[in-house]
Amino acid sequence: MKKIIADPNIPMLDSFELMGEVVKMPGREWTNQLVLDADILLTRSVTKVNEALLKNSQVKFVGSATSGFDHVDRDYLERKGIHFSYCPGSNAVSVAEYVVSALLSVIAPEKKLHGLTAGVIGCGQVGSRVIEKLEAVGIECILNDPPLNDLNDDGRYRPLEEALSADIVTLHTPLIYEGKYPTNKLINLQHFQQMKPDVIFINSARGFVVDETDLFVHMRSNPSMKTVIDCWEGEPDIDHRLLEKVSIGTPHIAGYSYDGKIKATRMLHESVCEFFQINSAWPVENNMNKKVVELTELMDSHAYLRQAVLSSYDVRIDDKKMRTLLKLSVEASKKAFDDLRKNYAERREFDQIAFKTDQHVQALADLGFQ
């Protein structure tokens, strides 16, 4: 039987109990002493998985229930022969739906989305889903992704400057510190100055992709700019001045849908079984009932979609909870940030929500609704 250390923010950990003992410990509290005799670690992004954590341990498998891996020293794991697995794409739909909800929250209800432009920076698992959702509501996307452009230079991917010129700029890159295309501080004052004064700027990628000091300076001199921040530098110790100024601020929960989390757990379960050659089928099915919503009879498709999205997931609720941090001390704020993530309300993805309606059915289906 294996010993498994797991972050309790990963749902359905009981699916691993047939493999061994599951010890749940909040991700920021992991220590070398805790993991010394563990065989398997199941983490999220708050845990730094490196030599300091793993030295002299018997860990054989590290699995991260995330679509990114900048919190993991993969070179160290490779040198030590420790297998690593993560969950690319598991939360991609959730993030894309967050972006749509954020846009509909900061754009005046009477203003149509159709005809706006969006610079999508990073077009991988998440960015590609964002593009699908934005195009479904009539937003023209300008794609920027240098690594993908290297693979297929067909003119589809545009220079960064062109993406920055859009009405909306949304970030979906991994955090990369070195190599040909580093993304640490990818967007700084120089880039903010290239954006429209009334741009809608969204960061649901990683905090350090943006120079937050430069963002704060730029926002002070551009009051018509609307800013949506889900990922922050130095989490959970975030900049309260920035939180106070942003249009929407949330505690790194864009990818936190219930369905996205279950996808990640299932992917890790399959990876563990494959690595250890364990014959253990996924024991849990996502058989919760779909949420059914009745919409009012609105003739205008834009108003209808707005009501559909915000009745399914209204990001303003998360923003309101986040702003309670402004009243707290630094230490209390850090704990509250993590608590908001730990105790996050169940959010279903659009394909798990059905509407009783015969209006604008195709438009709803294009966004993923039933």
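The values are calculated or read from the model by the stated rules, or taken from the named source; none is laboratory data. Everything numeric in this text was worked out from a predicted model, so none of it was measured. Heads up, the Cβs are rebuilt from the backbone with ideal geometry, glycines too, and the neighbour counts pull from every protein chain shown.
For the reader, a short list of remarks on this structure follows.
- Number of positions in segment 1-41 that are touching a residue at least 40 places away in the same chain (Cβ under 8 Å), under 26 Å from PRO236 (Cβ atoms) and either part of a loop (DSSP other than H, G, I, E, B) or among the acidic types (Asp, Glu) (or both): 7
- Residues (surrounded by fewer than 19 Cβ atoms within 10 Å (Cβ to Cβ) and either among the polar types (S, T, N, Q) or over 21 Å from SER329 (Cα atoms) (or both)) located in segment 243-261: SER247, TYR258
- Annotation: of all residues in segment 331-370 being surrounded by 18 or more Cβ atoms within 10 Å (Cβ to Cβ) and among the polar types (S, T, N, Q), the one that is farthest from ARG129 (Cα to Cα) is SER333.
- Residue check for LEU326: surrounded by 19 or more Cβ atoms within 10 Å (Cβ to Cβ), assigned to a helix (DSSP H, G or I), touching a residue at least 60 places away in the same chain (Cβ under 8 Å) and among the aliphatic types (A, V, I, L, M): no
- Of all residue pairs spaced 6 or more apart or on separate chains, those with beta-carbon atoms under 7 Å, a first member in segment 349-370 that is farther than 23 Å from GLY89 by Cα and a second member that is of a type in the set (A, V, I, L, M) and surrounded by fewer than 19 Cβ atoms within 10 Å (Cβ to Cβ) are ALA354/VAL292; PHE355/VAL293; PHE355/LEU295; LYS356/VAL292; THR357/LEU295.
- Looking only at segment 328-349, and only at residues there that are of a type outside the set (A, V, I, L, M) and over 16 Å from the mean Cα position of the chain (by Cα), the one that is nearest to GLU97 (Cα to Cα): ASN343
- Some residue of segment 275-289 being among the β-branched types (Val, Ile, Thr) and either surrounded by 15 or more Cβ atoms within 10 Å (Cβ to Cβ) or in contact (Cβ under 8 Å) with a residue 60 or more places away in the chain (or both): yes
- Options ALA108, ALA92, ALA102, ALA118; residue that is among the small types (Gly, Ala, Ser) and under 21 Å from ARG158 (Cβ atoms): ALA118
- The residue of segment 233-242 that is surrounded by the fewest Cβ atoms within 10 Å (Cβ to Cβ), among those that are over 18 Å from the mean Cα position of the chain (by Cα) and in a loop (DSSP other than H, G, I, E, B), is ASP237.
- Filtered residues of segment 243-258 (kept if over 15 Å from the mean Cα position of the chain (by Cα) and small (Gly, Ala, Ser)): SER247
- Condition check for GLU78: out of contact with any Ser or Thr (no Cβ under 6 Å at 6 or more places or on another chain), outside any loop (DSSP other than H, G, I, E, B) and either of a type in the set (D, E, K, R) or over 27 Å from HIS360 (Cα atoms) (or both): yes
- Filter result for the condition that a residue is modelled with pLDDT under 95, crowded, with 18+ Cβ neighbours inside 10 Å and among the hydroxyl-bearing types (Ser, Thr, Tyr), over TYR313, TYR304: TYR304
- Verdict on GLN370 being in contact with a helix residue (DSSP H, G or I) (Cβ under 9 Å, 6 or more places away or on another chain), of a type in the set (S, T, N, Q) and over 23 Å from ASN9 (Cα atoms): yes
- Count - residues of segment 49-68 that are touching an Asp or Glu at 6+ places or on another chain (Cβ under 8 Å), in a loop (DSSP other than H, G, I, E, B) and closer than 27 Å to TYR256 by Cα: 2
- Condition met for ASN56 (out of contact with any Lys or Arg (no Cβ under 7 Å at 6 or more places or on another chain), surrounded by fewer than 18 Cβ atoms within 10 Å (Cβ to Cβ) and under 30 Å from ALA6 (Cα atoms)): yes
- When every residue of segment 116-128 is checked against the conditions, at least one turns out to be in the same structural domain as PRO174 (by TED's automatic domain parsing), crowded, with 24+ Cβ neighbours inside 10 Å, part of a loop (DSSP other than H, G, I, E, B) and not hydroxyl-bearing (Ser, Thr, Tyr).
- Test for GLY207: is it buried (at least 22 other Cβ atoms within 10 Å of the Cβ) and within 23 Å of VAL246 (Cβ to Cβ): no
- Condition check for ALA52: of a type in the set (A, V, I, L, M, F, W, C) and touching a Ser or Thr at 6+ places or on another chain (Cβ under 8 Å): no
- Scanning segment 233-269 for residues that are of a type in the set (Asp, Glu), at pLDDT 95 or above and within 30 Å of HIS83 (Cα to Cα) turns up GLU233, GLU235.
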